[in-house]
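Okay, structure first, notes after.
The values are calculated or read from the model by the stated rules, or taken from the named source; none is laboratory data. Here the structure is a predicted model, which means the values were calculated and not measured. Cβ atoms come from the backbone with ideal geometry, glycine included; neighbour counts cover every protein chain shown. Heads up: the accessible areas ignore ligands, DNA and RNA and are worked out on the full protein's heavy atoms, side chains in. Shrake-Rupley method; radii C 1.70, N 1.55, O 1.52, S 1.80 Å.
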Amino acid sequence: MPFMPVKFNSQKRVKLAQGLWLIYWLSVIVGILIFSLGIFFKIELRKRSEMMDNNESHLVPNLLILVGLLACGINAFGGKVCHDSLDPVKFAKWKPMLKPYLMICCGFNGLLLLTGLLCFLMQFAVYLTLAEGLKNSIKFYKDTDTPGRCFMKRTLDMTQIEFRCCGNNNFRDWFEVQWISNRYLDMSNDLVKDRVLSNVEQKYLMDSVPFSCCNPGSPRPCIQHHLTNNSAHYDYDHRIEELNIWTRGCREALFAYFSSTMSSIGVLVLLTIILESADMAGLKYLTTALETMEDPENPECESEGWLLEKGVKETLGDLLTNIKTLGKGNQVDEGGDAQEAT
Amino acid sequence: MMLLKMKFTQQRRVHLAQGLWLLSWLAVMCGTFVFCLGVYIKTELLRRAEVMDNTEIHVVPNILMLVGLASIGTNWVATRVCQDSLDASRFPRWKAFLLAWFVVATLLSFLLLAVVVLSYALQGHLEESLKVGLRNGIRFYKDTDVPGRCFQKETIDRLQMEFQCCGNNNFRDWFEVQWVSNRYLDFTSKDVKDRIRSNVDGRYLLDGVPFSCCNPRSPRPCLQNQLTDNSAHHSYDYQSEELNLHNRGCRQALTDYYMGLMNSTGPGVLSVILIQMSVVLSLRYLQTAVEGAMALEDPAEDSEGYILEQGLKETFEDLKAKVLILLKFGQVNPGDTQEPSEAADPEKAASTTPAS
């Protein structure tokens, strides 16, 4: 009893072949799209890798690139098979490859599922990497004379301007590190000496933030220094002032950006699984319809197409027995060998 | 004596029609490209419209959009003509349109050339417009509570950050205006009172710049205030400090940006002109070859195609004569003074009576 049989006449077969050819080429375009999204994501990670201590994981974009290329190849092959399917001579040479091809498609769908899940799960890893990386970035902001870190200041300033954020969790992170290099501090000045001596680690700490934290939308020229001192500025209350500097932390801002990218790519990958399954089902119907033609010489005859030759349970049962016999074939047959040995 | 005459066999005519059909579709694509280019340049100009005083420079994208649309229509007509050219029953209906088509297509090419020239010529106007616009922007920077000007601060700040520039000509423009609103000045403070009394207009002037002038590439945290005072900052020399703020003025930055935009589209527009002129010439050859073939007894015979039926001089003389005849029709003919005057008088009488 075939699973989901459908009757096909010549007209329906031709329509199925044409429709399936179009869907396969649509799938190739989707494969190209996934490939370009993988490249885009890789470039974005590289651009922000300084914020993540250069140890971010490139697993997801690499997997997307691989999946995109495979999708193009597999679907192009499927399209070619559909194109040749209505010509019995050409179709005959593709026939033996169809079973392994459908197996590969199943495996590919599994890979797509894995990629889609990783797109969602790896967001946690990105979050943790960002937290650690930003903490170090803020610490190394002042080291513009240390080789390997001299562009940290520029990168962090540009990031804060572009993503409209300040600090790691919020702007107070800048109060805990010395972000002005000692080269620019007048160590003979009493004020400077007081500040440096006021903490155990002898860091020059201030309640100020860099200029890149300033919000251009504030009606007032930016207040960067003495942020917690209300009397240092006219008509200023640091508890209710909201527009002066960005209140969001950069970890949250960057994570929102990456997570929205990864989520949309994940959704696209999951939709691709549905598209690929439709392709496989269509191809199975087409090949079975062509195989069951009663009179191969007469193209006008009726035929039947199905998804599985027997019902779902029997097919699964068959598959299990096949796997068991494969397993048994490798084991040494104890009874038989013992006889021969003696 | 025909100008640039060529022999066309039936085969060549067919190939010419097919090739021209493809070329015309390519020209349609080019028309779309020119239109999209016009839209893009216009959008970019509109985005910064707040710092521009006038819209003279908008003539460049406007002409591009117009020419793009017209060229899409014109070249689509050319494809139809090509399709009909090999069918003797359908081609004659295009005969009347073709002269007008040639005029329109050549006009479009000239307009495109004019656009390329204009984009260079209007650079001075653009700079003037930006100078006035930016000057006003800097002057009204502090007016965040005045309706109609409350976003001037944000616009100028974002502009300076995005284009990495400061002020109109350079950062000293900020020293000449009061860019801190009176709402945020403590008038009881001695420092504020001194500054306000130090100039005739009673403005609070500083040797400081807004934060958006800061250069992120500087190795040193940004110095915004007391810029001309070397002793106010450790290890700071006003004369030799280059990286602290953006050095470029915003007028220069914006002019460079827009000129770069229009110059980079120059080669594209020139190649579109080339393609359009090729379409015009090929269509002329096709028209004359097909008309020549239709006039023969055997339409499949060889015919001749040419650009002009007579040489340049003779065609020009012919054209002059035709134009003079047209003009003469408009003039009153001296021999017929009686009739036209009698005809004119009742008209004149009729026209004057309603007035009185």
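Yes/no per residue for (1) surrounded by 15 or more Cβ atoms within 10 Å (Cβ to Cβ); (2) in contact with a Leu (Cβ under 7 Å, 6 or more places away or on another chain):
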position: B:ALA49; (1), (2): no, no
position: B:MET52; (1), (2): yes, yes
position: B:GLY68; (1), (2): yes, no
position: B:ILE72; (1), (2): yes, no
position: B:ASN75; (1), (2): yes, no
position: B:THR79; (1), (2): yes, no
position: B:ASP84; (1), (2): yes, no
Report summary line: Taking segment A:16-37 and keeping only residues that are polar (S, T, N, Q) and open to solvent by less than 50 Å² (accessible area, probe 1.4 Å), one is left with A:SER27
Requested in this report: Would you tally the residues in segment B:224-235 being open to solvent by less than 20 Å² (accessible area, probe 1.4 Å) and either in contact (Cβ under 8 Å) with a residue 60 or more places away in the chain or at the interface with another protein chain (Cβ under 10 Å from one of its Cβ atoms) (or both)?
Outcome: 0
Requested in this report: Please go through segment B:94-122 and pick out each residue that is more than 23 Å from B:GLY68 (Cβ to Cβ) and either aromatic (Phe, Trp, Tyr) or surrounded by 16 or more Cβ atoms within 10 Å (Cβ to Cβ) (or both).
Outcome: B:TRP94
Query raised in the report: Of all residues in segment B:196-216, how many are in a loop (DSSP other than H, G, I, E, B) and in contact with a helix residue (DSSP H, G or I) (Cβ under 6 Å, 6 or more places away or on another chain)?
Result: 5
Query raised in the report: Can you pull out the residues in segment A:188-206 that are more than 11 Å from chain B (Cβ to nearest Cβ) and out of contact with any Lys or Arg (no Cβ under 9 Å at 6 or more places or on another chain)?
Result: A:ASP190, A:LEU191, A:LYS193, A:ASP194, A:LEU197, A:SER198, A:ASN199, A:VAL200, A:GLU201, A:GLN202
Report task. Please find, within segment B:287-303, the residue that is nearest to B:TRP21 (Cα to Cα) out of those that are open to solvent by 10 Å² or more (accessible area, probe 1.4 Å), part of a helix (DSSP H, G or I) and not small (Gly, Ala, Ser). Result -> B:GLN287
Report task. Inspect all residues belonging to segment B:207-221 and state whether any of them is more than 10 Å from chain A (Cβ to nearest Cβ) and at pLDDT below 90. Result -> no
Query - Single residue of segment B:177-195 satisfying the filter (facing another protein chain (nearest Cβ under 10 Å) and assigned to a helix (DSSP H, G or I)) that is most open to solvent (accessible area, probe 1.4 Å) - result: B:ARG183
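Residue-by-condition table, conditions (1) of a type in the set (Phe, Trp, Tyr); (2) at pLDDT 75 or above; (3) within 36 Å of the chain's Cα centre (by Cα):
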residue: B:GLY268; (1), (2), (3): no, yes, yes
residue: B:VAL290; (1), (2), (3): no, yes, no
residue: B:ALA295; (1), (2), (3): no, yes, no
residue: B:ALA300; (1), (2), (3): no, yes, no
residue: B:GLY305; (1), (2), (3): no, yes, no
residue: B:VAL332; (1), (2), (3): no, no, no
Report summary line: Checked pairs for segment B:256-267, first outside any helix (DSSP H, G or I), second of a type outside the set (Phe, Trp, Tyr), C-beta under 6 Å and 6 or more apart or across chains, list as B:THR265/B:LEU37
Requested in this report: Among residues belonging to segment A:116-165 that are basic (Lys, Arg) and under 22 Å from B:CYS213 (Cβ atoms), point out the one that is least open to solvent (accessible area, probe 1.4 Å).
Outcome: A:LYS153
Query raised in the report: Got a number for residues in segment A:38-56 being within 11 Å of the chain's Cα centre (by Cα) and either surrounded by fewer than 16 Cβ atoms within 10 Å (Cβ to Cβ) or polar (S, T, N, Q) (or both)?
Result: 2
**Report entry** In segment A:130-187, residue farthest from the other protein chains (Cβ to nearest Cβ) [restricted to those that are hydroxyl-bearing (Ser, Thr, Tyr) and in a loop (DSSP other than H, G, I, E, B)]
**Finding:** A:THR146
Report summary line: Cβ pairs under 9 Å, 6+ apart or interchain, first in segment B:83-99 and at pLDDT 85 or above, second surrounded by fewer than 13 Cβ atoms within 10 Å (Cβ to Cβ), ordered by first then second residue, are B:ASP84/B:ARG93
Report task. Take segment A:215-247 and flag every residue that is open to solvent by 70 Å² or more (accessible area, probe 1.4 Å), farther than 18 Å from A:GLU176 by Cα and either more than 13 Å from chain B (Cβ to nearest Cβ) or not small (Gly, Ala, Ser) (or both). Result -> A:TYR234, A:ASP235, A:ARG239, A:ILE240, A:GLU242, A:LEU243
Report summary line: Note: among A:SER259, A:SER231, just one is closer than 21 Å to B:GLN224 by Cα and either charged (D, E, K, R) or out of contact with any strand residue (DSSP E or B) (no Cβ under 9 Å at 6 or more places or on another chain) (or both), namely A:SER231
Report summary line: Note: among B:ASN199, B:ASN169, just one is open to solvent by 20 Å² or more (accessible area, probe 1.4 Å), touching a residue at least 60 places away in the same chain (Cβ under 8 Å) and either of a type in the set (Lys, Arg) or away from every other protein chain (no Cβ under 13 Å) (or both), namely B:ASN169
Query raised in the report: Of the residues that sit in segment A:79-88 and are assigned to a helix (DSSP H, G or I) and at pLDDT 85 or above, which one is nearest to A:LEU275 (Cα to Cα)?
Result: A:GLY79
Report task. Given the conditions (1) more than 13 Å from chain A (Cβ to nearest Cβ); (2) over 31 Å from the mean Cα position of the chain (by Cα); (3) loosely packed, with under 15 Cβ neighbours inside 10 Å; (4) of a type in the set (Ser, Thr, Tyr), report the number of the one that B:TYR238 does not fulfil. Result -> (3)
Query raised in the report: For the subset of segment B:142-156 comprising residues that are of a type in the set (D, E, K, R) and under 16 Å from B:ARG47 (Cα atoms), which member is nearest to the other protein chains (Cβ to nearest Cβ)?
Result: B:GLU154
Report task. Just one of (1) open to solvent by 80 Å² or more (accessible area, probe 1.4 Å); (2) within 14 Å of another protein chain (Cβ to nearest Cβ); (3) within 26 Å of the chain's Cα centre (by Cα) trips up B:GLY137, so point out which. Result -> (1)
**Report entry** Lone unmet requirement of (1) within 14 Å of another protein chain (Cβ to nearest Cβ); (2) under 30 Å from B:ILE57 (Cβ atoms); (3) more than 35 Å from the chain's Cα centre (by Cα); (4) open to solvent by 60 Å² or more (accessible area, probe 1.4 Å) for B:GLU162
**Finding:** (3)
Requested in this report: State whether the residues of segment B:245-260 include one that is at pLDDT 90 or above and within 14 Å of chain A (Cβ to nearest Cβ).
Outcome: yes
